[in-house]
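First the structure, in the form of structure tokens, and then the observations on it.
We did not get these values from a lab; they are worked out from the coordinates using the rules stated. Because the structure is predicted, anything quoted here is derived from the model rather than measured. Note that each Cβ is placed from the backbone with ideal geometry, even for glycine, and that neighbours are counted across all protein chains shown.
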Amino acid sequence: MKLQSKIAYSIIPLVLSSLFLLGAWSIKKAGESIHKSTFLYMNTVIDSYMPDIEKNHQLLVKNGLDTIGSFVSEYKRHAVRTAENLTLPDNSHLFIMDGSGNLVFCSTKKHTDVMTAVWGPAAKKIRSASADDAAPEYTGRAEEAGIETVYVARQFSPWDWVIFFAMEDKVVSGAKRQIRNATIGIAGMCAILSIAMILIVFNKFFATPVRRISNSASAIAAGRHVRQIDVRSNDEMGDLARNMETMSRAIQQHRAEIKQSHDELETRVKERTMELETALSKIKTLKGLLPICMHCKKIRDDKGYWKQMEAYIQKNSEAEFSHSICEECAHKYYPDIDLTSG
């Protein structure tokens, strides 16, 4: 496995796990933000309606009509008509429950028995919490006719009303799902782009210089001279390439010196060989058995002729003779003359 593949296989899990954690964190935070935004919107809707109820009640009190049932009922109907004219998003509805858990108004015209069964207990719980001076449960979840909803509520004690604004949870869940899918898609694209970018950068700044330096090292090992390695970066790779160029020049110079020394040695060997051959060509040797007369010391040549020893040796070698006399012969043949002195 190549080094590039090893590093890629090491980096890919790290990048994917980092993006996975980042995506999970983003999805979680986005979900929390959507949840908060949803409830903020729902609180805004119900808070925009509450002043109208309070206004009608204040008119009753101001005119001293809050104890007269017919006037109270008329002002309540006016508050209900205001609620009917509110523009609400799909999959949501505004409704009012009394303290006993009975439906007073619902923007979607739902059946009273269904609304009472689902929202009556919630209304009673909020009313009881307000009566006990405890913090009422203004937000929550409930299941209405098999549909999960989220809601916010307000208690209006003078009329013993609990005003609810409910929205189907699938609206919130759908937004979360869209963000989750978008986050996964973006994370996937980021992972692909990040891995591609890492591989491109690694290939350009590491794998390619290493490959070029490796090829140059093989060329130097094969005896070829590498004048320049195409790695121009000002980092460790560039330094290594420059050092290898210097090493290649030094090796070539050393090889040139070795070749020069070898050529000089061959020249000297040839000269000495020629000198030896010349010297050997001047040397003649006598080989084999030479027939020599036991009395006169003549030697028989290849043709059968007897010749004086001096003549035979001079002819068959490069030796030359100069005549002298030994002491024994001098005493024997010239006893009266002293030939050995001086």
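Arranged by the count of other C-beta atoms within 10 angstrom, fewest first, what order do MET167, MET247 take?
Ascending Cβ contact count within 10 Å gives the list MET247, MET167.
Among all helices in the chain defined by DSSP H, which have a length of 18 Å or more along the axis from Cα atoms plus a Kyte-Doolittle mean of at least -0.5?
Passing helices, by number: 3-62, 112-131, 169-202, 208-221.
In whole Hz, with x marking every Gly and Pro, tabulate ³J(HN,Hα) for the range 328-335 from phi via Karplus 6.51 cos²θ - 1.76 cosθ + 1.60, θ = phi - 60°.
5, 6, 4, 5, 6, 9, 10, x
Please order GLU168, GLU148 by the number of other Cβ within 10 Å, starting at the fewest.
Least to most surrounded, the residues fall as GLU148, GLU168.
Is the shape of the range 29-177 best called rounded, prolate or oblate, per the rule: a/c under 1.5 gives rounded, else a/b larger than b/c gives prolate, else oblate, with a ≥ b ≥ c the square roots of the Cα gyration tensor eigenvalues?
Prolate, since a/c reaches 1.5 and a/b exceeds b/c.
May I ask you to derive the relative contact order of the chain, considering only C-alpha pairs under 8 Å and at least 6 residues apart, and to give it as an integer percent?
In percent, rounded to a whole number, it is 13.
Over what distance in Å are the Cα centres of the range 183-199 and the range 36-58 separated?
Centre-to-centre (Cα) distance: 45 Å.
Quick check on the exposure proxy: order LEU88, LEU60, LEU289 from fewest to most C-beta atoms within 10 angstrom.
Details: LEU88 14, LEU60 19, LEU289 5.
The order, fewest Cβ neighbours first, is LEU289, LEU88, LEU60.
Strictly over 24 Å apart at the Cα level, which of LYS125/LYS176; LYS76/LYS109; LYS124/LYS170; LYS298/LYS332; LYS76/LYS124; LYS62/LYS125 would you flag in this model?
LYS125/LYS176; LYS124/LYS170; LYS62/LYS125
Based on Cα coordinates alone, diagonalise the gyration tensor for the chain, multiply each eigenvalue by 5, take square roots, and list the semi-axes in whole Å, largest first.
The answer is 135, 18, 16 Å, longest axis first.
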